[in-house]
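The values are calculated or read from the model by the stated rules, or taken from the named source; none is laboratory data. Since this is a predicted model, take the numbers as computed values, not measurements. Backbone-built Cβ (ideal geometry, glycine too); neighbour counts: all protein chains shown. Surface accessibility is based on the protein's heavy atoms, side chains included, excluding ligands, DNA and RNA. Shrake-Rupley method; radii C 1.70, N 1.55, O 1.52, S 1.80 Å.
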2 protein chains.
Amino acid sequence: MPEVLKVRCRRCCAAGVLLAAMMSPVLLRAQSADFGQQVSGYVAAHKPAIVAELTELLAIPNVAADKPNIRRNAEHLRALLTRHGLQAEILETTGNPLVFARTPPRAGLPTVLFYCHYDGQPVDAKKWRQADPWEPVTRGEGDDTRIYARSASDDKAPIVALLAANDAIAAAGLAPTVNVKLILDGEEEASSPSLVPAIARYKDRLAADLMVILDGPGHPSGRPTIAYGARGLVTLDLTVYGPKSGVHSGNYGNWIPNPAMRLASLLASMKDDSGRVTVAGYYDGVPPLSAAERAILDAVPDEGARMLATFGVAAPEAAFPRLQEALQYPTLNVRGLASSFVGANARTIIPDRATAALDLRLVKETSAADLIARLRAHIEAQGYHLVDSDPDDATRARYGKLARLAVGDQILEAFRTPVGDPRARAVVASLTRTFGQAPVQLRTLGGTVPIAPFIDALGFPAILMPTVNFDNNQHEENENLRLSTFFDSIVTIAAVLRQ
Amino acid sequence: MPEVLKVRCRRCCAAGVLLAAMMSPVLLRAQSADFGQQVSGYVAAHKPAIVAELTELLAIPNVAADKPNIRRNAEHLRALLTRHGLQAEILETTGNPLVFARTPPRAGLPTVLFYCHYDGQPVDAKKWRQADPWEPVTRGEGDDTRIYARSASDDKAPIVALLAANDAIAAAGLAPTVNVKLILDGEEEASSPSLVPAIARYKDRLAADLMVILDGPGHPSGRPTIAYGARGLVTLDLTVYGPKSGVHSGNYGNWIPNPAMRLASLLASMKDDSGRVTVAGYYDGVPPLSAAERAILDAVPDEGARMLATFGVAAPEAAFPRLQEALQYPTLNVRGLASSFVGANARTIIPDRATAALDLRLVKETSAADLIARLRAHIEAQGYHLVDSDPDDATRARYGKLARLAVGDQILEAFRTPVGDPRARAVVASLTRTFGQAPVQLRTLGGTVPIAPFIDALGFPAILMPTVNFDNNQHEENENLRLSTFFDSIVTIAAVLRQ
């Protein structure tokens with residue numbers, strides 16, 4: 001590992017950032033922009049083969065619950081990794097298989113464990129602009145050419161990018177300066193229940209000095225991005241009960257209370273118009289940002305206007321006008337609403353119940369247990385009696401307002417590696433050398449990788465390196481991968497391999 | 001027609017009601033309880049045949065959009081009516097066919113036109129406790145034996161009851177004291193678009209002195225019930241727009257505004273916790289109830305506690321604790337909510353939109369146009385820009401809060417016949433004689449029959465006579481008909497035929 005130097009970066013100092021980087025002046029010369037150009041050249045010469053490898057992988061359906069196709073993905077990946085010269089194997093778990101691979105170990109080098117996942121979110125195929133989300137379609141022109149398919153961005157692209165990066169280094173007559181390990185999760189979108197239990201069985205294989213998690217959308221600027229942490233996640237279903245079954249809205253309207261309206265009022269009581277959560281104590285324990293933390297956030301290029309234009313939104317939440325600051329706080333998000341029917345099947349009734357599907361994003365300082373307790377207290381403070389299952393007649397007769405707050409199976413806490421961690425600094429330094437400027441550094445990624453307990457159990461630091469286009473429609477219909485961003489990501493990953 | 005007498009009813013005077021009734025002392029003796037017992041006796045002796053006739057009719061699917069089965073219903077009804085000695089025919093319209101029938105006309109008698117509908121609400125078959133909502137199932141014991149099937153109560157039972165009443169009168173060696181006409185609507189649940197246009201073509205057939213609309217649930221006391229009017233109905237879909245497509249709730253949570261939360265706040269702004277609408281001017285034009293009107297409402301037996309227990313609701317809306325009073329005001333009801341998914345398909349996104357399906361019940365003094373205008377003004381006052389279709393990029397960039405209020409195809413205004421109408425009094429008098437006490441009289445039925453323009457166009461007064469059990473799950477899964485209530489309704493209808 002090169003010695004630690006503190007250098008003042010010419011570009012970033014304008015934004016007030018002191019870049020703490022690990023780098024040697026020799027490597028700086030030997031591997032600056034030249035290395036990046038070598039990798040870019042390799043990528044330019046091998047685009048069709050790299051893209052073909054990706055589309056072949058995308059053609060295998062990969063919802064975590066679809067066991068036969070998950071197995072097909074794992075077998076396909078093992079063969080693919082082997083073909084690229086890695087020592088690859090399938091690691092069986094109590095759930096979906098992991099795929100593990102490593103470069104032949106070389107003594108004296110630090111080890112980087114890369115993490116990706118090969119499963120994807122469920123699809124609502126009717127909403128896609130193509131017949132099948134697992135039949136990849138290429139659309140667009142020039143730099144904006146994109147591949148549309150489930151998991152194009154989340155999270156199969158980084159797997160193929162890593163292999164291309166490794167090939168590019170070999171093609172340049174070089175070798176990685178780290179021992180490379182790769183673990184591919186097959187149930188990340190199902191919250192990775194088998195990942196931590198698998199550590200006991202495979203601890204030796206997984207041992208490393210740093211984990212680099214290749215997942216999530218990169219910064220809209222297109223610059224290499226690293227994140228020191230990610231928010232956690234807990235999902236909840238909040239149901240407000242009305243009459244035992246729907247009743248005619250004419251015969252009983254104005255008289256039988258409406259659970260959909262009550263749910264609306266209850267949700268409205270949880271946030272003010274600015275988007276700030278009004279549940280008592282919700283932000284407790286989250287300290288105000290220090291000047292240094294604020295500087296890290298401020299150094300992130302502000303792509304707010306561009307993102308808003310892309311999403312078709314005129315203005316962000318008034319409470320959190322800057323995205324980077326918004327991500328430092330827990331959320332209370334309504335991810336779905338349902339009560340009776342809307343549209344052609346709508347009936348003129350007072351529904352029997354109304355449900356809001358919520359997700360709460362957690363930060364390091366707010367545990368799931370605390371936020372759930374505060375939410376329960378808030379609901380009770382609005383006059384509701386909370387039940388654990390559909391209420392019986394006696395309960396219905398006793399309580400005027402009945403609700404249920406059901407917590408989802410998986411609770412994922414947040415994690416955050418200190419910004420000053422030396423292994424992370426080495427990555428930042430290499431990226432700075434390769435690209436001629438510091439990467440975008442994010443204190444907290446807004447999304448969740450179900451990785452906090454995995455990191456805790458492994459016992460070495462972890463950073464996130466999100467590489468795909470920010471507007472990839474991740475988790476939604478028409479998920480896509482912008483190819484020019486994908487090709488750039490190969491250079492980024494190569495820089496991690498040649499620290 | 002017998003002369004008009006004003007009599008003070010012994011039972012009702014306790015409740016402060018002066019019964020204005022048309023009756024002759026001779027008829028009063030000749031046809032009091034004896035007549036009721038004759039009809040009851042006939043019904044008791046013919047239950048299996050009457051029920052078989054009903055179940056046969058219920059076995060024909062009858063959603064208005066299902067044209068082949070609607071035709072089967074019409075043909076079946078024409079044959080049934082003919083078999084019972086009526087002159088029956090199918091009247092073609094621009095939509096579903098009407099079925100018309102009449103008793104052979106006799107000179108010098110007033111004519112009563114009965115209205116029922118033979119179509120039913122769409123079904124969500126999965127939610128029913130039986131394989132098929134159109135394969136009637138009988139469950140329960142003794143007085144609470146019920147037939148479960150779509151349209152068992154709404155509105156096929158009254159058709160069969162009318163025929164049985166006519167048969168019972170003949171079996172007693174009597175004849176109706178009115179000329180009977182019957183019109184059966186085949187698209188009431190689709191808001192009867194063809195009914196008014198059909199009048200021009202069939203005006204002679206439809207001419208009568210009074211229309212009696214056999215539809216809706218009777219009073220929970222089981223007493224004969226008449227209503228002088230019904231609330232109107234307008235349906236709306238209120239959509240709040242979020243990002244162009246759903247975005248990841250982690251990557252953008254706290255920053256991209258959430259349309260489901262905004263919809264919740266918007267709905268919450270429309271009503272206070274007591275259930276009173278807070279939209280400015282919503283109740284304008286509805287005068288306070290006069291003492292006489294309040295007396296009519298107070299005379300209705302209060303079955304509130306029983307209804308609440310049946311529906312599993314501890315307390316009604318605080319603003320309208322008495323059902324009869326609640327029905328005198330317009331409603332703002334959330335009949336459905338939808339945004340992305342809830343349950344197994346829920347995804348961790350900020351949804352692209354959230355929609356509330358609303359229905360507004362109108363009273364005579366509040367037109368649909370007025371209430372819609374007030375609702376629009378309210379939404380705009382909350383900072384929303386209202387669009388008429390999904391917003392384009394320029395609109396999205398310009399307005400921070402975007403919503404759409406789409407008004408349903410059919411607007412149905414309320415109607416109300418004055419309580420003192422002489423034809424209505426004749427019916428009240430006959431029911432009072434037959435049952436030994438006055439019927440329950442409702443100033444306004446809470447539900448809607450799409451009949452106001454039909455009544456206006458016909459030019460003679462109309463009353464509603466709802467006859468089925470109040471807890472029939474009308475419009476919902478497991479719609480049912482309580483057979484003992486059904487048998488009682490045959491006596492009620494017979495009393496209208498023998499005024």
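Descriptive notes on the structure:
- Residue identified as of a type in the set (Gly, Ala, Ser) and open to solvent by 10 Å² or more (accessible area, probe 1.4 Å) among B:164, B:152, B:157, B:172: B:172
- For the stretch A:348-373, the tally of residues that are in contact with a strand residue (DSSP E or B) (Cβ under 8 Å, 6 or more places away or on another chain), among the charged types (D, E, K, R) and open to solvent by 10 Å² or more (accessible area, probe 1.4 Å) stands at 3.
- Leading residue by the ranking (nearest to the chain's Cα centre (by Cα)) among those in the stretch A:387-409 that are away from chain B (no Cβ under 11 Å) and surrounded by fewer than 15 Cβ atoms within 10 Å (Cβ to Cβ): A:409
- Of all residues in the stretch A:314-373, those satisfying the criterion of being farther than 19 Å from residue A:443 by Cβ, at the interface with another protein chain (Cβ under 8 Å from one of its Cβ atoms) and small (Gly, Ala, Ser) are A:314, A:315, A:336, A:338, A:339, A:340, A:343, A:346, A:354, A:356, A:357.
- Residue check, residue B:470 among the aromatic types (Phe, Trp, Tyr) and within 11 Å of chain A (Cβ to nearest Cβ): yes
- Residues that are open to solvent by less than 40 Å² (accessible area, probe 1.4 Å) and without any contact (Cβ under 8 Å) to a residue 24 or more places away in the chain were ranked within the stretch A:297-310; the one that is farthest from residue B:258 (Cα to Cα) is A:304.
- Residue count for the stretch B:171-195 satisfying the condition of being farther than 20 Å from residue B:234 by Cβ and either in a loop (DSSP other than H, G, I, E, B) or acidic (Asp, Glu) (or both): 8.
- Within the set B:168, B:190, B:157, B:107, the sole residue that is in contact with a Gly (Cβ under 9 Å, 6 or more places away or on another chain), small (Gly, Ala, Ser) and closer than 26 Å to residue B:431 by Cα turns out to be B:168.
- Pair list, Cβ under 6 Å, 6 or more apart: the stretch B:77-90 residue open to solvent by 20 Å² or more (accessible area, probe 1.4 Å), other residue assigned to a helix (DSSP H, G or I): B:84/B:163; B:88/B:78; B:88/B:81; B:88/B:82; B:90/B:74; B:90/B:78
- Taken over the stretch A:260-296, residues that are among the aliphatic types (A, V, I, L, M), without any contact (Cβ under 8 Å) to a residue 40 or more places away in the chain and closer than 18 Å to residue A:366 by Cα amount to 1.
- Tally of residues being open to solvent by 20 Å² or more (accessible area, probe 1.4 Å) and among the small types (Gly, Ala, Ser) across the stretch A:175-195: 3
- Residue, farthest from residue B:122 (Cα to Cα), within the stretch B:91-107, restricted to residues that are open to solvent by 50 Å² or more (accessible area, probe 1.4 Å) and in contact (Cβ under 8 Å) with a residue 40 or more places away in the chain: B:106
- Residue in the stretch A:270-296 that is farthest from residue B:219 (Cα to Cα), counting only those that are open to solvent by 10 Å² or more (accessible area, probe 1.4 Å) and at the interface with chain B (Cβ under 8 Å from one of its Cβ atoms): A:273
- Taken over the stretch B:226-258, the criterion of being under 16 Å from residue A:476 (Cα atoms) and either more than 7 Å from chain A (Cβ to nearest Cβ) or not aliphatic (A, V, I, L, M) (or both) is satisfied by B:242, B:243, B:244, B:245, B:246, B:248, B:249, B:250, B:251, B:252, B:253, B:258.
- Output for the stretch B:279-301, where each listed residue is touching a helix residue (DSSP H, G or I) at 6+ places or on another chain (Cβ under 8 Å) and assigned to a loop (DSSP other than H, G, I, E, B): B:279, B:280, B:281, B:282, B:284, B:285, B:289, B:300
- Applying the criterion of being within 24 Å of residue A:298 (Cβ to Cβ) and assigned to a loop (DSSP other than H, G, I, E, B) to the residues of the stretch A:434-460, the residue that is most open to solvent (accessible area, probe 1.4 Å) is A:437.
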